[in-house]
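**Student:** Submitted below is the structure of interest, expressed as structure tokens.
The values are calculated or read from the model by the stated rules, or taken from the named source; none is laboratory data. Please read all numbers here as calculations on a predicted model, not as lab measurements. We place every Cβ from the backbone using ideal geometry, glycine too, and count neighbours over all the protein chains shown. Ligands, DNA and RNA are stripped out before the accessible areas are found, and what is left, the full protein with its side chains, is counted by its heavy atoms. Shrake-Rupley method; radii C 1.70, N 1.55, O 1.52, S 1.80 Å.
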Amino acid sequence: MAEACRNVSNNVIRRLPRYLRKLDELQASGLKRVSSADLGSMLGLTPSQIRQDLNSFGGFGQQGYGYNIADLRTELAEILGMNHNYKAILVGVGNMGLALVHNFSFKDYGFTLECGFDINPEIVGKTINHIPIYADVDMAEYLSKNDINVAVLCVPRRIADVKVQELRTYGVKAIWNYTNVDIDNRENDLIIENMNFPDSLLALEYYITERYRKGHGEESST
């Protein structure tokens, strides 16, 4: 059983989903166990890094035997909180919100997407992929009557702060932020995961440029 640990670095936490996905792949292929060396080779990590990450949560595996894939997958799911069935709402059902409703399985990751909210009269009152869409003006009343853990925020940038304050007021504790603007969290009362597409694209652009420079024998300026 995994041990609770409050001092795990963000880098370790970010690697856990990679381990989980790889274990799912290995389990689907019929494998029963895997060594830290093999797992590290598949993920581009050293065996010691694998062991160090997993030891942050308690002992897993046996020397000379490796990890039981099914057992380790179960432990990682528990560590990540996938067994708690957190409740989520979608705030903003525009292009990005619709893409998530149609293409992302929240249940696979331990969340139930209860409903969505929007101002568009063409979709308010409809059910999209089994998700009911309510009027934005009804969100406060809904939140006051339902215990919601997470809001998936897909509203335009100009109203992001207003919606965050509303969600904060009615007790939502975590936001999956797709607005491409950093949320002001000076009160430190929200758990925020920012999905910033421009940042990701610019990082990709940097790596492309660095490879181009190296390929042409150029030195990066400082």
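**Student:** About the Cα centre, and with charges only on the beta carbon of Lys, Arg (+1) and Asp, Glu (-1), how big is the dipole of region 22-74? Nearest 20 debye, please.
**Tutor:** Dipole about the Cα centre, nearest 20: 100 debye.
**Student:** Another one. Taking amide H positions as placed 1.01 Å from N in the peptide plane, with prolines and chain starts having none, which residues 5 or more places from VAL152, or on another chain, fall under 5 Å of its amide H?
**Tutor:** Answer set, sorted by chain and number: ILE89, LEU90, VAL91, TRP176.
**Student:** Okay, next question. Using only Cα atoms, tell me the angle between helix 10-28 and the longest principal axis of the chain; keep it within 0 to 90° and round to the nearest 10.
**Tutor:** Around 80 degrees separate the two axes.
**Student:** Skip the ligands, DNA and RNA, and give the accessible area per residue of region 86-222 with a 1.4 Å probe, whole Å².
**Tutor:** Dividing the accessible area of region 86-222 by its residue count gives 64 Å².
**Student:** Once you have the alpha carbon radius of gyration of region 134-204, what is it after dividing by 2.2 N^0.38 Å, with N set to its residue count?
**Tutor:** This ratio for region 134-204 stands at 1.15.
**Student:** Among the listed pairs LYS87/LYS173; LYS22/LYS214; LYS32/LYS107; LYS22/LYS107, which have their C-alpha atoms separated by more than 23 angstrom in this model?
**Tutor:** Numbers: LYS87/LYS173 11 Å; LYS22/LYS214 32 Å; LYS32/LYS107 25 Å; LYS22/LYS107 19 Å.
As for pairs spanning more than 23 Å Cα to Cα, those are LYS22/LYS214; LYS32/LYS107.
**Student:** Can I ask one more? Would you pull out the residues with amide H under 5 Å of TYR134's amide H, same chain only if 5 or more places away, H placed 1.01 Å from N?
**Tutor:** Here GLY116, PHE117, ASP118, GLY125 satisfy the definition.
**Student:** Sort ARG211, ARG18, ARG51 by heavy-atom solvent-accessible area, probe 1.4 angstrom, most to least. Show your work: numbers first, answer last.
**Tutor:** Working: ARG211 190, ARG18 80, ARG51 105 Å².
Result, largest first: ARG211, ARG51, ARG18.
**Student:** What are the principal axis extents of the Cα atoms in region 89-222, in Å, biggest first?
**Tutor:** Result for region 89-222: principal-axis Cα extents of 62, 35, 29 Å.
**Student:** Give the Debye-formula value of log10 I(q)/I(0) at each listed q (0.16, 0.25 Å⁻¹), with one equal scatterer per alpha carbon of region 39-129, two decimals each.
**Tutor:** Debye curve over Cα of region 39-129, log10 I(q)/I(0) at q = 0.16, 0.25 Å⁻¹: -0.77, -1.24.
**Student:** Excluding same-chain residues fewer than 8 positions from LYS163, which aspartates and glutamates have a Cα within less than 16 Å of its Cα?
**Tutor:** Those aspartates and glutamates meeting the cut-off are ASP118, ASP136, ASP138, GLU141, ASP182, ASP184, GLU187, ASP189, GLU193.
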